[in-house]
Amino acid sequence: MNILITNDDGYRANGIRVLAEMMDRFGDVTVIAPKHHQSAMGMAVSLGFKKLAYKELPDMGPGKWSYLDATPASCIKFGLNFQFLDKRPDVVICGVNHGSNASSAACYSATLGSAEEGALNGIPAIGVSLDDVRTDADFSAVKAIFPQIFEKLMSSWDRSNYGLMYNVNFPASPLSGIKGIRVARQGRGHWIKEFRDWDPCIFARYHITEEMFGKLHDTPLEEGERAYLMVGDFVDDEPCSGNADHRLNGEGYVTVTPENLDKTDYADLRRIESIINEDFPVRP
């Protein structure tokens, strides 16, 4: 099995090393990760006629490692255009992300954005996240449980379902605290107070280090500018829902959420067909 791996925390993050070690038992691992942290980039690609620095990392392993100074989705594109030009990988796996990608975070996640790039190309794709942003996060539950989830998903994958991918989220808990695995739907929520005055000290409160970001730049302000930092507080929009991924994570369960590239709302498609066609009939 040929396995293509990336993440959004950068090639030096512990999560991607853990993922490569787990996947090494299943086949040949190729890691192409961003040079620097690229969180919340979604499916963005590095356009704009920008030089994209690429470097092979022969001292890292297991598998073949390299970095690209670009977004996570761009890393998958790069792999498909070079390392896997003649033969597509059997699976794209993104993570292990330092931080949750449950609920509305899935809409912004570059972990899932890079999985989407795999799904767009007809490749089975999985995003894996742990709800702990610390560089020294406890990955014991991920190491013990994710390989089993991976085997189950790959052996039963519906290849006829175009755009299918899976979003796997682990709570911030050691293996002893995990209650089980639940299939879930994407939960609902939003953020408030998202922009705060720039304060470098806030990075320490959120356990963000230069190891995660590469190098934190405090760019000088031009005259009249004011600096902000985007963080925010999460608001749960469905605190009583039993099968929402973020709720189940909070209760100590690992969640597996099937997602799809196709954003068509098929229920509403059928509803508005009669409404639109009534006033704007289609000519034969």
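Any read-out appearing in this document is the output of simple, stated calculations on the displayed coordinates, not a laboratory observation. Given the structure is predicted, the values throughout are model-derived calculations rather than measurements. Heads up, the Cβs are rebuilt from the backbone with ideal geometry, glycines too, and the neighbour counts pull from every protein chain shown.
Give the cross-link partners of K143 among the aspartates and glutamates, using a straight C-alpha distance below 17 Å as the criterion and excluding same-chain residues fewer than 8 apart. Hits, sequence-local ones excluded: E21, D24, D131, D132, E151.
For the peptides 30-42, 233-245, the ranking by packing is 30-42, 233-245, with the highest mean count of neighbouring Cβ atoms within 10 Å listed first.
Dividing the summed helix terms, -39500 (n - 2.57) for each DSSP H run of n ≥ 4, by the number of residues in the chain produces a 222 nm estimate of -8000 deg cm²/dmol to the nearest 500.
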